[in-house]
Amino acid sequence: MTDPKTLASRFPGDFTFGVATASFQIEGATKEGGRKPSIWDAFSNMPGRVFGRHNGDVACDHYHRLEQDLDLIKEMGVSSYRFSIAWPRIIPEGVGWVNEKGLDFYDRLLDGCKARGIKTFATLYHWDLPLALLGDGGWTARSTAYAFQRYAKVVMARLGDRLDAVATFNEPWCSVWLGHLYGVHAPGERNMEAALHAMHYTNLAHGLGVEAIRDVSPNVPVGLVLNAHSVIAGSESTEDKAATERAFDFHNGSFFGPVFKGEYPASLLDALGDRMPEVEEGDLAAISQKLDWWGLNYYTPMRVLADASEEAEFPATKPAPFVGETVTDIGWEIWSAAMKSLVMDLYDRYDLPEMYVTENGACYNMGVGADGEVDDQPRLDYYADHLSVCADLVSEGYPLRGYFAWSLMDNFEWAEGYRMRFGLVHVDYETQERTVKKSGKWYRDLALNFPHGNHKTA
Ligand code: FCB
């Protein structure tokens with residue numbers, strides 16, 4: 001099963017294999033080229049927020065090593081690169097002046113990809129909100145949605161001609177719930193009201209962003225990347241099954257509902273509607289414009305039990321024990337079957353366009369051995385297992401068009417800092433040396449055998 005040639009042969013000739021990164025996680029140079037701080041600079045510089053008080057100041061130094069990193073992507077044999085654009089490089093204060101130097105950096109990135117024959121999949125928002133916008137409330141303020149719309153326009157006007165696809169947001173679940181309810185991500189808020197405001201204004205920003213993108217660059221396919229949760233009941237009891245449905249509405253329905261159905265889930269409105277901001281006339285129409293594609297980020301399932309305690313807030317669930325026998329180094333259960341059932345369930349419930357797996361991968365922290373190799377067999381196994389599920393989905397007719405491995409290289413893993421490694425390529429943060437891991441060589445073989453060799457495509 002782990003033979004890359006055999007696996008590659010199960011994908012159609014026009015399938016896309018890619019690698020993914022995000023600006024704050026790799027770029028560094030946080031104070032250069034006119035960039036101003038983002039909420040992640042502030043959050044990571046506050047003691048007690050990020051492991052080891054790590055921050056993004058240097059990261060993978062990608063800002064200074066752009067050309068060599070693009071060569072690395074080329075060496076990985078992939079046809080596409082998914083990256084994100086840092087809003088604080090483009091409009092450093094969120095609103096107001098546009099920083100040409102910031103646009104120049106992504107200009108070089110796009111030209112470098114084109115010169116190497118690599119397709120470009122940009123994400124406009126992968127969590128680095130310009131810090132200045134926090135003065136108005138950040139994502140809890142409606143004005144931030146309009147600021148995002150302008151940012152989207154500015155980016156598309158300068159870069160749209162070389163983008164093969166664009167996503168408005170990466171994983172609003174994280175920036176909304178992890179950032180405003182659970183306090184794990186920037187801005188570190190723990191408040192349901194704040195979170196519900198962030199939810200609606202992020203959704204609105206997505207809708208306004210789609211309008212802006214279509215206005216400026218009507219030919220660039222526009223999508224949204226969601227970390228849909230495969231919510232699984234921890235038992236067969238009626239209570240736990242009901243809890244699972246509530247969890248689905250809360251974790252998935254809060255984004256899939258407005259975007260793909262034009263409505264928030266009834267259970268969410270019943271339980272929390274009075275704490276939501278006003279949904280103004282036209283908001284849901286803007287949010288639910290048809291998309292060209294959507295992206296799934298999948299790592300692990302979410303197992304839930306009902307939480308009957310009085311203080312439990314909607315969706316009133318607690319975690320159920322894992323079923324899979326193995327977890328990755330970050331503690332996430334490995335369960336590839338949930339990736340398949342999740343996709344099937346989502347296409348049942350919503351009218352979804354074609355899709356990409358925009359992130360999938362595993363955290364293992366092994367370093368470079370005495371022989372100069374990184375032996376990360378468990379990551380290779382994880383990829384093989386989940387790619388096999390993707391091949392099944394394709395053969396069953398689901399419109400899955402491509403797959404992006406998370407990540408090209410080890411990087412700043414948010415609240416976990418640099419201690420958690422997801423790369424196909426190892427990064428030595430002292431020397432910035434890159435070493436392709438065993439899994440990276442395997443993925444390269446897969447991507448190179450594709451579409452050549454096993455497929456008749458020219
Ligand atoms: C996802 C994020 C990505 C990365 C992976 C491990 O939630 O989109 O930036 O941190 O998890």
Listed by chain and number, the residues whose amide H is under 5 Å from that of Asp307, excluding neighbours fewer than 5 places away on the same chain and using placed H, are Thr317, Lys318
Links exceeding 30 Å between C-alpha atoms in this model, out of Lys114/Lys290; Lys31/Lys261; Lys5/Lys74; Lys5/Lys340; Lys114/Lys340, come to Lys31/Lys261; Lys114/Lys340
Pseudo-spin-label distance Phe51 to Ala285, built 7 Å along Cα→Cβ, given in nm, is 4.8
Over the chain, the quotient of the Cα radius of gyration and 2.2 N^0.38 Å is 0.93
Subtracting the Cα-Cα distance of Ser309 and Glu396 from 0.36 nm times their residue separation yields 27.1 nm
Excluding residues fewer than 8 positions from Lys36 in its own chain, the lysines with Cα under 18 Å of it are Lys101
Distance in Å, no decimals, from the C-alpha centre of the range 318-367 to the one of the range 1-72 is 21
Output ordering of 76-87, 353-364, 7-18 (per-residue mean of other Cβ within 10 Å, highest first) is 76-87, 353-364, 7-18
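Express in nm, to one decimal, how much length is gained between Tyr146 and Asp445 on full extension, taking 0.36 nm for each residue of separation and deducting their alpha carbon distance.
103.2 nm is the gain from fully extending Tyr146 to Asp445.
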Any GluC sites (Glu not before Pro) in the range 409-441 that lie in a DSSP loop and have at most 10 other Cβ atoms within 10 Å would be Glu430
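222 nm [θ] for the chain, helices only, -39500 (n - 2.57) per DSSP H run of 4+, per residue, to 500?
Value at 222 nm, helices only: -10500 deg cm²/dmol.
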Whole-Hz Karplus couplings 3J(HN,Hα) for the range 140-151, θ = phi - 60° and coefficients 6.51, -1.76, 1.60, Gly and Pro as x, run 7, 10, 4, 4, 5, 5, 6, 5, 5, 4, 5, 4
Residue-ordered couplings for the range 428-441, obtained by feeding phi - 60° into the Karplus form 6.51 cos²θ - 1.76 cosθ + 1.60 and rounding to whole Hz (Gly and Pro as x), are 8, 6, 6, 10, 6, 6, 9, 10, 5, 7, 4, 4, x, 5
Counting only DSSP beta bridges fully inside the chain, the antiparallel percentage to nearest 5 is 20
So Glu373 and Asn219, fully extended at 0.36 nm per residue minus their Cα-Cα distance, gain in nm 51.1 nm
Summed over the other residues with a beta carbon less than 13 angstrom from that of Ile91, with K and R at +1 and D and E at -1, the charge totals +4
Sequence order, the range 267-276: Karplus ³J(HN,Hα) from phi using 6.51 cos²θ - 1.76 cosθ + 1.60, θ = phi - 60°, Hz rounded, Gly and Pro as x, gives 5, 5, 5, 4, 7, 10, x, 6, 9, 7
Spelling it out for Val425: with amide H atoms placed in the peptide plane at 1.01 Å from N, the residues 5 or more places away or on another chain with amide H under 5 Å from its amide H are Met409, Asp410, Lys437
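Where a number appears in this text, it was derived from the coordinates with a stated rule and is not lab data. Since the model is a prediction, treat every value here as computed from it, not as a measurement. In this analysis, Cβ positions are derived from the backbone assuming ideal geometry, glycine residues included, and neighbour counts consider all displayed protein chains.
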